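Read-outs throughout are calculated quantities, based only on the coordinates presented, and are distinct from any laboratory measurement. Quick caveat: nothing in here was measured; it's all calculated off a predicted structure. Backbone-built Cβ (ideal geometry, glycine too); neighbour counts: all protein chains shown.
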Amino acid sequence: MPQDTVNIQFLGKQLQGLIEETRHLRKEVSDVRSLTLQTYEFPKRVERRNAELKDDLEITIKMELGGGLKNLQAAIEGSLARIEGLEERVSVIESSPGAR
């Protein structure tokens, strides 16, 4: 036999090895693609979450301040009502004939 003769079983084994290596490479490429997409999406999710937290914090602060301001307003109105009541009493006492 001449030396250029190639064994078909050898070629089959070589081809099987190449096919297996191709499968592994395709899986690795798929994994890299998935990780790349996840890496691309992660900052977007973080930005969305930060925006949601900012909105939540803003609402919470407004509610807390609003509640505090309502209490303050109620206290001021109560004080003003008492002052107005005292003013009425003083004016009644001053307008009575025996006050002077």
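Between Leu53, Gly78, Ser34, the Cα set farthest toward the positive side of the dipole of the range 10-99 (charges on each charged residue's Cβ, about the Cα centre) is that of Ser34. Computed from Cα positions, the angle between helix 8-95 and the longest principal axis of the chain comes to roughly 0 degrees.
Note on Ser91 and Glu64: with the Förster distance fixed at 35 Å, the Cβ-Cβ geometry gives a FRET efficiency of about 0.30.
Estimated purely from DSSP H runs of n ≥ 4, each contributing -39500 (n - 2.57), the mean residue ellipticity at 222 nm for the chain is -33500 deg cm²/dmol once divided by its residues. Among Lys62, Lys13, Lys27, the residue with the largest mean-square fluctuation in a Gaussian network model of the chain, with springs joining Cα atoms closer than 10 Å, is Lys13.
With only the Cα atoms considered, the chain has a convex hull volume of 71 Å³ per residue. One decimal place: the segment Arg82-Glu41 gains 8.6 nm when fully extended, by the rule 0.36 nm per residue minus the C-alpha distance.
Close lysine pairs were tallied over the chain: pairs 8 or more places apart or on different chains with Cα atoms under 22 Å apart number 4.
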